[in-house]
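Heads up, the thing below is written out as structure tokens.
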Amino acid sequence: MAMELARARAARPWALFVTFLLSVFFVAGCGGRTRWPAHAVPGGVATPEYHATSEAVKVLRDGGNAIDAAVCAGFVLAVTHPIAGNLGGGGFMLVHTAQEDAVIDAREVAPRAARPNMYLDERGDPIPDASLIGPRATGVPGSVAGYLVAHERFGKLPRERLLEPAIRLAAKGFVVDSALAAQLRKYRDHLARFPETAQVYLPGGKPPMKGETLRQPGLARVLRAIALDGAKGFYYGWFAEELQRVASKYGARLTIGDLATYQPKMREPLRGQYGGATVLTMPPPSSGGVVLLQMLGMMEMAQWEAMRPTQRLHFLAEAGRRSFADRSLYFGDPDFVRVPVAELLDRAYVRERLATIDLGRATPSSAVSGGLSSGAESEETCHFSILDAHGNAVSCTTTLNGAFGCGLAVSGVLLNNEMDDFTTKPGMPNQFGLIQSAKNEIRPGKRPLSSMTPTILLENGKPRLLVGSPGGPTIISTVCQVIGRHIGLGQDLREAVSAPRIHHQWSPDVVLYERLTDSQKDALLALGHTLRKKDGPMGDVQAVARQGNATVAVSDPRGRGASAP
Ligand code: GLY
């Protein structure tokens, strides 16, 4: 096919010109709907923002591998997707190469001054917003260290090359698209809380509108320091001092010592099977991989793929109910508490859980053992998936937790509010009415429980599907449904990503849904489910698949992402 195209072009120079014009049109195209022609992309890239995808493609074209492209995209997202992309947050990167599979755990940790009761008042009640707003809500950021470790271990191109696009976009600015303009408008009050943040995102006192240029000179300076000095540029020196100074101005003890001692961790991915593929996914401190593998295990054992469509929805809700019940009871940072991963993934145990599912009736959550309820992670996370032409693959999910994190930017670096992912008070409902486990209570140096689920499926040892999403606990259901539809039902990747999704997390005992038909809703109600329509979309999947000999990348139509090809 490629040779035929090459011959045709040689024979007809005008065809080359038309192809060039079309390529320019497609590549320079229209935000979330941008498409790259297949011949222009040595691999597949899906990220939640156009510039990140575009720059990752250029890295691949310059001879970089998937890890180089991912590092470049991660830094660009900190500039162009500030609602969730970050230097001041954390995340998980799952890497597959011909030699090894690895997870880089760059999750934030609780600062050394953190205490289990730090968000409780003198009566022992949670202080509203204390774990959400301002730098007291901030865990020690991990993303920068994570990207740099990934680059040192797996990358090929020089660090400066990978940071150059982010520095350029921060210093010279980029044109705000309608989706970013809407996000800045929506979170205007949050961005106005701290003058350090308002001066970046509300220049002249108002959010930039579509078509205006957003410049971030402070962020460019931090990015330059990282390009020059690596991790030292962020975790030591002037930026660390500035972070400590500004945090302390707002009553937080986030110190130079906290930054200097931060370390990402290399972890072994979890491994499971579904539809003949090997599933590589995220181990604790995320609950995502275990819950995902339990759900896929139940689906395969029950032959979910052969069920009627409404029965499939019912089954997903019931499998989610059981796996999330376990999630609430058994999970925390594995460096601090024992998480019984092997027991939870044991086939006999998964079969036992499956045996309690009644295909003709919803089981009330009160009748499902599992103890405490799931946490309520925020949904403002982001995911990107990148495959290169040599079969190296990256599936990376990163987060500030809440939209624009805790609201404070230090030298343009938005800080996370990941401390809210810890249990504020064990055994007592939090501000969302949810109860959380003591395994996830705050300790200095501990990582908060997460639901992020970067996942790679391999067939015959080669990447078949790279997938992940934002969405708090709904991440896991989202990833599960895309895998179930694409691998289990054989749907085209675009169809699998676009399809409506549901979510059940045991507590509250409701099926959260996006778009169901009246007859689907009636059928679920008749089975005894309580339904709740989700406010806004569920997830923003970025996926890459090998379909036959082709690589297909898909950005969720729910978001502002761009995929190539
Ligand atoms: N903060 C979202 C998560 O880690 O799941």
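Things to note:
- Number of positions in the range 472-494 that are within 16 Å of the ligand (Cβ to nearest atom) and of a type in the set (S, T, N, Q): 3
- Conditions (1) charged (D, E, K, R); (2) in contact (Cβ under 8 Å) with a residue 60 or more places away in the chain; (3) away from the ligand (no atom under 16 Å from the Cβ): number failed by residue 380: (3)
Residues checked against (1) touching a residue at least 40 places away in the same chain (Cβ under 8 Å); (2) crowded, with 23+ Cβ neighbours inside 10 Å:
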site	(1), (2)
290	yes, yes
299	yes, yes
309	yes, no
321	yes, yes
339	yes, no
346	no, no
349	no, no
352	no, no
365	yes, no
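- Residue 403 of a type in the set (Gly, Ala, Ser) and away from the ligand (no atom under 16 Å from the Cβ): no
- Sole exception among (1) at pLDDT 95 or above; (2) away from the ligand (no atom under 14 Å from the Cβ) for residue 416, by number: (2)
- Of residues in the range 278-317 being among the small types (Gly, Ala, Ser) and in contact with a Pro (Cβ under 9 Å, 6 or more places away or on another chain), the one farthest from the ligand (Cβ to nearest atom): 289
- Any hit, the range 524-535, residues being farther than 30 Å from residue 366 by Cβ and either crowded, with 23+ Cβ neighbours inside 10 Å or in contact with a strand residue (DSSP E or B) (Cβ under 9 Å, 6 or more places away or on another chain) (or both): no
- For the range 439-447, the criterion of being within 16 Å of the ligand (Cβ to nearest atom), of a type outside the set (A, V, I, L, M, F, W, C) and under 29 Å from residue 545 (Cα atoms) is satisfied by no residue at all.
Rundown of residues vs (1) open to solvent by less than 30 Å² (accessible area, probe 1.4 Å); (2) in a helix (DSSP H, G or I); (3) closer than 29 Å to residue 141 by Cα; (4) among the β-branched types (Val, Ile, Thr), yes/no style:
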| position | (1), (2), (3), (4) |
| --- | --- |
| 234 | yes, yes, yes, no |
| 258 | yes, yes, yes, no |
| 271 | no, no, yes, no |
| 283 | yes, no, yes, no |
| 324 | yes, yes, yes, no |
| 334 | no, no, yes, no |
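- Residue within the range 353-365 that is at pLDDT below 95 and under 22 Å from residue 425 (Cβ atoms) present: yes
- Residues located in the range 474-494, provided they are surrounded by fewer than 22 Cβ atoms within 10 Å (Cβ to Cβ) and touching a strand residue (DSSP E or B) at 6+ places or on another chain (Cβ under 6 Å): 494
- Residue within the range 83-97 that is open to solvent by 30 Å² or more (accessible area, probe 1.4 Å) and more than 19 Å from the chain's Cα centre (by Cα) present: no
- Residue 405 vs. criteria of a type outside the set (Ser, Thr, Tyr) and either at pLDDT 95 or above or not in a loop (DSSP other than H, G, I, E, B) (or both): yes
- Of all residues making up the range 502-558, the number that are β-branched (Val, Ile, Thr), part of a loop (DSSP other than H, G, I, E, B) and in contact with a Ser or Thr (Cβ under 6 Å, 6 or more places away or on another chain): 2
- Any chance residue 497 is open to solvent by less than 30 Å² (accessible area, probe 1.4 Å), within 16 Å of the ligand (Cβ to nearest atom) and in a helix (DSSP H, G or I): no
The values are calculated or read from the model by the stated rules, or taken from the named source; none is laboratory data. Model, not experiment: these values are computed from the prediction. Neighbour counts run over all protein chains shown; Cβ positions are idealised from the backbone, glycine included. For accessibility, only protein heavy atoms count, side chains too; no ligands or nucleic acids. Shrake-Rupley method; radii C 1.70, N 1.55, O 1.52, S 1.80 Å.
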